[in-house]
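This report refers to the structure that appears directly beneath it.
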Amino acid sequence: MKISFEGKKYDNLYLSADTGDSERLKIDGTSTDGHNWTFVIPDSISEITRYYAIRHKNDSLINENESNVHMIDFRTIIENDTLRGGYFNFDENKNSIELKGKFDTTALFENTFYVAELDSTFVIQTIVTDYFLMELPENRYLREFMQTPMFSFFYDRKNPNKPYEEFLVEYADKIKKNPNSLYYISFFSTTPNFYKSKEDYRNLFNLFSSEMQNSRWGTMAKMNFATVKLDGINDILLPNPLTKETEKIILEPTKYTLLCFSASWCGPCHKKIPLMKEIYEKTKENLNLVYLTTDESTTIDDWNTLMEKENIKWRSLWLTDKKLKSDWQISAIPDFILVYPDRNAKKILLNEEKDIQELYSLLNK
């Protein structure tokens, strides 16, 4: 992979390879002049990568991690419309990628979270982004990302109030026209919680080609409307993030247990906290709530701080076993798995009022 930057040089660059796990893989680049960079990617990584993104290790960012980063993004201007994107992958039957850009500007973004009990706002994410101008890229993944940014996230920056149903029609049309899109299926596989029903999700999945449905990302998507297999769930131990002592995930096998997958850096997860508190208060007699944080060791203290600030009363465990995360198909958070007293389990949505009422009805049977 070769990437050239005009108008700005770097002393270091690396590729962040997103594999669907919380910990992204890093591939260091090499350069003799700071402008032209080469990255060598092993087959073992390319086979499991959803997308690559360019990052710069910036010592001025405190606690730099996947939340606080210095990003490299591209812009393309077409008929007074600016397309943006920074995610790319190899095109089918190609083993090389070449990208070129001319430096445009640098932007700083801070993502904040308000804690009502403390009447305080905390910065949970700092992103520095260098933008480079380029022609509409030949790389298919990057081009599609620019043309349809954040596919399957139900967000349109030009039309923030676009109805859910309009998005469904648009997504269906795009998949029908491009059923072999790696970009579409890889983003689709990690966004099930944005859909109002599993039927909506399944209907779009069925529009992809059989090749995409049976790919790594298609298999991950199928798990979102299949029964989850939690073999030996009653005996699995995970560390308490505060004490570091191991505990059983399921303390009372005769009761329902709701596993809530979250992280300190996850803004959408934080927005679910008021709902989780409501569920806890209304169902604590017949439902055990358990937070499973996907934080890394570099951010686990941030998770403990968040739990204390929010006065979380239910248990919190640290999902350090990446095999469990893979087996349970936790590709995006927040995510929820309801474990039944008979040890069966299924992923549930908690997006709409009807989802919450269905949970209450089940527990009150």
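What's the FRET efficiency of ASN286 with ASP327 using the Cβ-Cβ distance as r and R₀ = 22 Å, to the nearest 0.05?
Numbers: r = 27 Å, r/R0 = 1.22.
E(calc), rounded to 0.05, equals 0.25.
Calculated from the alpha-carbon coordinates, the chain shows an Rg and a Dmax of 21.4, 68 Å respectively.
Spatial offset of the range 309-362 relative to the range 147-171 amounts to 26 Å, using the alpha carbon center of each. Annotation: cysteines of the chain without a disulfide-compatible partner (Cβ-Cβ under 4.7 angstrom) are CYS260.
TYR256 sits with roughly 40 Å² accessible to a 1.4 Å probe, with DNA, RNA and ligands left out of the calculation. Just to verify a number: FRET efficiency for THR254 and THR121, C-beta to C-beta distance, R0 = 35 Å, to 0.05? It comes out at approximately 0.25.
Over the Cα atoms of the range 152-224, Rg to Rh with Kirkwood Rh, two decimal places?
Working: Rg = 11.6 Å, Rh = 12.3 Å.
Reported Rg/Rh (Cα atoms, Kirkwood Rh): 0.95.
Less than 5 angstrom separates the built amide H of ARG50 from those of ASP18, THR19, GLY20, all sequence-distant by 5 or more or on a different chain. Between ASN240 and ASN344, the simple spin-label model (points 7 angstrom out along Cα→Cβ) gives 3.4 nm. Extension gain for LEU362-GLU211 works out to 50.6 nm (0.36 nm per residue, less the C-alpha to C-alpha distance). Couplings 3J(HN,Hα) of the range 330-341, computed from phi: 8, 9, 8, 10, x, 9, 9, 10, 9, 9, 7, x Hz, in residue order, whole Hz [Karplus 6.51 cos²θ - 1.76 cosθ + 1.60, θ = phi - 60°; x for Gly and Pro]. Seen from all directions on average, the range 281-356 presents a Cα convex hull projection of 6.2 nm². Pairs spanning more than 30 Å between alpha-carbon atoms, out of LYS57/LYS325; LYS162/LYS309; LYS198/LYS323; LYS26/LYS198; LYS26/LYS196: LYS162/LYS309; LYS26/LYS198; LYS26/LYS196. Taking a cut-off of 14 Å between Cα atoms, list the aspartates and glutamates near LYS313, but don't count ones fewer than 8 places away on the same chain. Cross-link targets: GLU278, GLU281, GLU285.
Peptides 94-102, 292-300: what's the order by average Cβ count within 10 Å, highest mean first? Show your work: numbers first, answer last.
Working: 94-102: 14.9, 292-300: 19.7.
Taking the mean over residues of other Cβ atoms within 10 Å, the ranking is 292-300, 94-102.
Only residues of the range 144-173 count here: report those whose backbone N is under 20 Å from the spot 7 Å along Cα→Cβ of THR129, or say none. Inside the label zone: 144-162.
For the range 313-365, the fraction of alpha-carbon pairs lying more than 13 Å apart is 71 percent, rounded to a whole number.
The values are calculated or read from the model by the stated rules, or taken from the named source; none is laboratory data. The structure presented is a predicted model; accordingly, all values stated were derived computationally and were not measured. Using ideal geometry, Cβ is built from the backbone for each residue, glycine included, and neighbour counts are taken over all protein chains shown. Surface areas here come from the heavy atoms of the whole protein model, side chains and all, with no ligands, DNA or RNA. Shrake-Rupley method; radii C 1.70, N 1.55, O 1.52, S 1.80 Å.
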